[in-house]
Amino acid sequence: MSEPCPPVVEMRDLSLRRGDRLILDGIDLTLMPGERLAIVGPSGAGKTSILRMLAGLELASAGELWLFGRHQRYLRLDQRDPPDVRLVSQNPALLGSLTVLENVGFLLFRDGRLSEGEIRERVARCLAAVGLGGYEDRMPGELSGGQQKRVSFARALVDDPGRDGASRPLLLFDEPTAGLDPVASTRIEDLIVTTTRVAGGCSVVVSHVISTIERAAERVVLLYQGRLRWQGSIEAFRSGDDPFVVQFRTGSLSGPMQPTEL
């Protein structure tokens, strides 16, 4: 009998301070292989801070963070072999002077292990997976906002030749549908599911958009004032009567979550 896979993410009583401000307070959270998780809550709740910690851009002030069974004690740039975590930010962050091919394959070109033909093949597969086959020679300025976001998804799919072929990445999506129309949002939401499946990994989505939460996630956690207030399945999120969930889902001004400033 094969051994059970360890959690991809384990947060153990994790806290984060910036100066006198307590950003995250005693978070306990586990993410298993293949899961799609949404982190929700009002602005300033600490959602993006969790993504930054998972991406290795910030360290906990207290508690422990484990990724793929490895205790994270250093920032990503300080690690010799950082875990396979890929962040798709709210801004596609494409380099305007490079083609789509060069943007998606940027790290492969810089690494220098593969020929240009091999890189082109890998990039072509990733672009086809996000519905942009044949766009390799386009410039970012020739693409719509939704297409630029899809290019950033393709970039997250590119295989790293330096990693074990069995690697299953952790994909992080920060407000992936912010500023998009409903049709473009639906395409991106479907792409989150497709990208997670194609990469063979798991995903964490931070979003305020109800359709994105419901279409892209299987499980939801809700943060408020840096603390984890609720977690459950997407079905429980849709129909549950927890006061935090009801207020977030309905956008009501009445409930336990109140703005600290106007």
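Derivation of every value follows stated rules applied to the coordinates shown; laboratory data play no part. Here the structure is a predicted model, which is why all the values come from computation and not from measurement. FYI the Cβ positions are ideal-geometry reconstructions off the backbone, even for glycines, and counts take in every protein chain you see.
Listed values for the range 134-139 are Karplus-derived 3J(HN,Hα) couplings in whole Hz (6.51 cos²θ - 1.76 cosθ + 1.60, θ = phi - 60°), namely x, 8, 4, 9, 6, 9, and x replaces Gly and Pro. With neighbours defined as other Cβ atoms within 10 Å of a residue's Cβ, the residues L114, L87, L107 order from fewest to most as L107, L114, L87. Amide hydrogen proximity for A38: with H placed 1.01 Å from N in the peptide plane, the residues at 5 or more positions away or on another chain lying under 5 Å are V205, E218, R219, V220, V221.
Full extension of the segment from M139 to R18, taken as 0.36 nm per residue of separation minus the current Cα-Cα distance, would add 39.7 nm.
Highest average first, the peptides 249-259, 15-25 ordered by how many other beta carbon atoms sit within 10 Å of their residues are 15-25, 249-259.
Applied to the range 98-115, the Karplus parametrisation 6.51 cos²θ - 1.76 cosθ + 1.60 on θ = phi - 60° returns per-residue 3J(HN,Hα) values of 10, 6, 4, 4, 5, 5, 5, x, 3, 5, 5, 5, 5, 5, x, 7, 10, 6 Hz, with x for Gly and Pro.
Taking 7 Å steps out from each Cα toward its Cβ at Q79 and V246 produces label points 4.1 nm apart. For the chain, the extents of the C-alpha atoms along the principal axes are 56, 45, 40 Å, listed from largest to smallest. Of the beta bridges DSSP finds with both residues in the chain, what % are antiparallel, to the nearest 5? That works out to approximately 55 percent antiparallel.
Take the Cα of D181, step 7 Å toward its Cβ, do the same at T194, and the gap between the two points is 1.9 nm. Full extension of the chain segment joining S239 with R70 gains 57.2 nm, where the gain is 0.36 nm per residue of separation less the Cα-Cα distance. Rounded to the nearest 20, the Cβ-based charge dipole of the range 86-162 about its Cα centre (Lys and Arg +1, Asp and Glu -1) stands at 280 debye.
In the chain, helical runs assigned H by DSSP with n ≥ 4 each contribute -39500 (n - 2.57); averaged across all residues and rounded to the nearest 500, the mean residue ellipticity at 222 nm is -9500 deg cm²/dmol. Would you work out if the range 102-182 is rounded, prolate or oblate? Take a ≥ b ≥ c from the square roots of the eigenvalues of the alpha-carbon gyration tensor; rounded if a/c is under 1.5, else prolate when a/b is larger than b/c, oblate otherwise. Oblate, since a/c reaches 1.5 and b/c is not below a/b.
Taking the Cα atoms only, what angle lies between the long axis of helix 182-199 and the longest principal axis of the chain, rounded to 10 degrees? It is inclined by approximately 70 degrees.
Per-residue 3J(HN,Hα) values for the range 200-207, derived from phi via the Karplus relation 6.51 cos²θ - 1.76 cosθ + 1.60 with θ = phi - 60°, read x, x, 10, 9, 10, 10, 9, 7 Hz in sequence order (x marks Gly and Pro).
Compute the long axis of helix 145-157 from its Cα atoms, compare it with the longest principal axis of the Cα atoms of the chain, and write down the angle in degrees, 0 to 90, nearest 10. The two axes meet at around 80 degrees.
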